[in-house]
Amino acid sequence: MPIRFQCANCQQRLSVSSRKVGARAKCPKCQQTLTVPTAEEAERQLAVATAAAATAPGLPRETDPWADFAVFDDDVEWVYEQETAPAIRGGGPRTGAHAGRGSLPDHVDPEKVAVSRSLLYMQGILLAVVGLVCFTLGVLVGGSTVGEPSAENQPPQPCLVAGKVTYKAGGGGLLPDAGAVIVVLPQDARPEQKAPIDGLIPAAPFPVPTDPGLQSIQSIGGEYARADVNGEFRLRVPDRGKYHVLVLSRNARRRPSEELRRTDLAQLGDFFMPAPDLLGQNRYRWQPQSIRRDTTLDVVFE
């Protein structure tokens, strides 16, 4: 155990390891040379000093600024002492960095770390806030995922595509393009056999259900329609998705200077045979179309 005694010159209370008995060193406060006493002599000195301090007025020990510091000598390790073993506020006994060289006092547990109570409260509040934020984000993300399942997991949802096809007459007015052809084809599908065009061109009668061209279109999830006398049409695709839409006029003709676009012919050639004969001299519109719900599609040929 440490030896606790008092400097005979300045009455500063000191503590030192018991193995330093008999060593000479300077008092860290008044620099007076003294000898470390034995435990018995130290107890006697402290008893006398305590009795004298009880009857003498003076500065209270707990307000003495020297009581909170550790000072080290070349030969002896000194620690200022209070009436009781000083403790680090919020933790264990005061040593650690104050102990310096040599062994720690017997009342110090070097395996423990002092943490203030307020710091523990702050950490707990921080963890609670982080947990609440993570929970909220999880509910939001999970709710959106559950509410909107991916397209692969959804059942087919047929969509209606309707609209009107008109063309500009010689006088500048718009007339219904009766007999115009409307074809909707999935972008990512190709028929095993390209559709023959004989029953699909605007000049031909409306194809019967067994028409090879119509069956080829429907086999990949596409659909075919003709505009009525008012230029209006309606067709239904079997599911949502990305499509190509072909609108082929019955009454509007291409100008001699207008040439068929090579890219259009290349894409149409994946579905129809032969694609140029399907278009003939009629004006047309070939465009991609994303269909996610019932869609209105109006086309004007000028």
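Here are some notes:
- Think of segment 232-284 as having a plus end and a minus end, set by charges on the Cβ of Lys, Arg, Asp and Glu; of GLY241, ASN251, THR263, ASN251 sits farthest toward the positive end of this dipole.
- At most 14 other Cβ within 10 Å, DSSP loop - trypsin sites (Lys or Arg not before Pro), segment 232-268: ARG261
- Residue separation of ARG292 and ARG236 scaled by 0.36 nm, minus their Cα-Cα distance, works out to 18.9 nm of gained length.
- Dipole magnitude of segment 168-217, debye to nearest 20 (Cβ charges: Lys/Arg +1, Asp/Glu -1, about Cα centre): 140
- 5 angstrom amide H check on GLN12, placed H, neighbours 5+ away: CYS7
- Across segment 158-301 the C-alpha pair distances fall into 5 Å bins from zero in the proportions 2, 10, 20, 24, 22, 15, 5, 2, 0, 0 percent.
- Burial ranking of peptide ranges 123-135, 6-18 (average Cβ count within 10 Å, highest at the top): 6-18, 123-135
- Sites GLU40 and ALA8 - FRET efficiency at Förster radius 22 Å, r taken between beta-carbons, to 0.05: 0.85
- Compactness of segment 200-271, expressed as Rg and Dmax over alpha-carbon positions, Å: 13.8, 39
- Listing SER219, SER118, SER257 from fewest to most neighbouring C-beta atoms within 10 Å gives SER257, SER118, SER219.
- Phi-based couplings in Hz for segment 261-272 (Karplus 6.51, -1.76, 1.60; Gly and Pro marked x): 6, 4, 5, 5, 5, 5, 6, 5, x, 6, 10, 10
- With R₀ fixed at 51 Å, the C-beta to C-beta distance from ILE220 to VAL133 puts the FRET efficiency at about 0.60.
- Theoretical FRET efficiency, 1/(1+(r/R0)^6), r = Cβ-Cβ of GLN154 and GLU192, R0 25 Å, to 0.05: 0.40
- For segment 116-231, convex hull volume per residue from C-alpha positions, Å³: 207
Rule-based calculations on the coordinates, nothing more; no lab input. What you see is a predicted model, and the numbers here were worked out from it, not measured in a lab. A quick note on method: Cβ atoms are made from the backbone with ideal geometry, for glycine too, and the neighbour counts reach across all protein chains shown.
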